[in-house]
Amino acid sequence: MDDVEFYAEDAGRTDNEYLAKVVEAVIAAGATVVNIPDTTGYCFPAEYGAKIAYLINNVPNIDKAIISTHCHNDLGMATANSLAGVMNGARQIECTINGVGERAGNTALEEVVMAIKSRKEFPVYTDILTKNITKSSHQVSALMRMPVQPNKAIVGRNAFAHSSGIHQDGVLKNRESYEIIDPQDIGINDSTITLTARSGRAALDHHFRRLGIVLNAEELVTAYEKFLNLADRKKEIEDSDLFAISGIEVHNVVQKIKLDYLQVVCGKNSIPMATVGLTIDGEECSATSSGKGPVDAAFSAIHSLVHRKINLEEMLVQSITRGTEDNGIVHIQVENNGQFFYGYSANADIVTAAAEAYVNAIAKII
């Protein structure tokens with residue numbers, strides 16, 4: 001038997017009594033799914049939930065079809081409306097990854113899925129493999145060339161980042177203090193403790209220990225005073241800054257590998273090639289490699305010289321200001337033997353910034 005879905009355009013603003021008559025008629029005609037769209041994103045959750053409940057209670061043959069929600073986000077209510085619909089009897093949610101869609105977008109798949117998973121009072125469940133959510137979000141963002149806003153729920157890069165001192169201390173002691181979702185449930189390895197002027201000693205100590213630096217209580221107090229002075233002047237606190245604050249010579253710890261030079265050849269109808277020169281433990285070496293693009297070629301050349309199993313987990317490119325001469329910031333996360341390491345660089349040449357960030361991450365492994 002065919003699965004036939006009827007779509008009641010602008011049902012959100014349609015009179016409920018009239019809508020019920022239409023739904024009864026289309027089910028009698030063979031519809032197996034009845035879609036109740038809030039096409040213009042007009043409804044409030046209580047209003048939309050009541051509309052679904054009205055259909056459940058006033059359409060005699062409603063048991064022969066599935067009610068589906070299709071909500072738009074014009075007033076920022078898409079996720080709430082969809083969940084209100086489910087609570088009142090809807091059993092299908094039409095949604096999109098990253099909430100992409102007409103105008104302000106549609107219900108975000110990642111939001112409704114994780115809301116249902118996190119709140120046990122929901123009378124339903126999904127079979128979505130939630131560990132693939134972040135990967136899917138990144139793929140959709142790349143293919144559509146639509147960046148995900150940093151503060152986007154669930155999949156934004158700040159969704160599991162903590163910068164406030166009290167939040168950082170709470171998360172380090174018990175993740176559930178400030179996180180209602182385990183990052184690993186959506187395919188993220190761990191929360192991010194971001195060092196800012198608002199960070200406390202617990203966060204600073206966490207980052208020191210991540211770098212293998214263990215300070216006693218008195219040393220941590222002194223280091224924290226230095227950290228605050230630096231954080232007031234510098235937005236991004238890097239690992240090299242932490243080594244300097246702790247009194248450890250950074251070149252002895254981090255700079256066991258250094259990017260000496262990078263030359264890239266690429267263009268339309270040509271194979272991207274990169275030649276890199278590295279100094280590893282004082283020994284100069286170089287390699288040339290091809291790739292799908294200039295960054296991929298540069299990474300491949302670097303990787304061929306390192307002789308370690310390194311997996312690139314994530315790369316984020318940011319712009320500081322507008323303009324073609326702007327500096328690009330590259331954040332990189334790599335994996336080695338189950339451990340994760342972060343790299344960072346900024347350069348007007350984004351390929352160079354990416355290569356420097358990659359080397360910066362590898363330096364922490366070495």
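What FRET efficiency, computed as 1/(1 + (r/R0)^6) with R0 = 35 Å and r the Cβ-Cβ distance, is obtained for residue 214 and residue 128, rounded to the nearest 0.05?
The computed FRET efficiency comes out at 0.25.
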Requested in this report: For residue 263 and residue 309, compute 0.36 nm times the residue count separating them, minus their Cα-Cα distance, and round to one decimal in nm.
Outcome: 14.2 nm
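Report the local net charge at residue 72: Lys and Arg +1, Asp and Glu -1, summed over other residues whose C-beta lies under 13 Å from its C-beta. Intermediate values should be presented prior to the final figure.
Working: positive: 13, 103; negative: 9, 10, 38, 74, 94, 102.
Its environment carries a net charge of -4.
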**Report entry** Antiparallel %, DSSP beta bridges [both residues in the chain], to 5
**Finding:** 70 percent
Requested in this report: Give 309/364; 135/268; 21/64; 152/364; 64/117; 117/152 a once-over and call out the pairs whose C-alpha atoms are over 21 Å from each other.
Outcome: 135/268; 152/364; 64/117
Query raised in the report: Straight-line reach from residue 120: which lysines have a Cα under 21 Å away, not including same-chain ones fewer than 8 places off?
Result: 131
Requested in this report: Return the whole-Å distance between the Cα centroid of segment 5-40 and the Cα centroid of segment 250-313.
Outcome: 58 Å
Query raised in the report: On full extension of the chain, what length is gained from residue 63 through residue 143, given 0.36 nm per residue of separation minus the C-alpha to C-alpha distance?
Result: 24.8 nm
Report summary line: For the chain the mean separation of alpha carbon contacts under 8 Å (6+ apart) over residue count, i.e. relative contact order in percent, is 7 percent
Query raised in the report: How large is ³J(HN,Hα) for each residue in segment 10-16, as worked out from phi by the Karplus curve 6.51 cos²θ - 1.76 cosθ + 1.60 (θ = phi - 60°), to whole Hz, x for Gly and Pro?
Result: 6, 4, x, 9, 8, 4, 4
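Over segment 255-365, what is the relative contact order in percent, taking alpha-carbon pairs closer than 8 angstrom and at least six residues apart?
Relative contact order here is 20 percent.
Readers should treat all values here as calculations from the given coordinates under stated rules, not as data from a laboratory. Only a predicted model underlies this, so the values are computations on that prediction, with no experimental measurement involved. Glycine also receives a Cβ, built like all others from the backbone with ideal geometry; neighbour counts cover every protein chain displayed.
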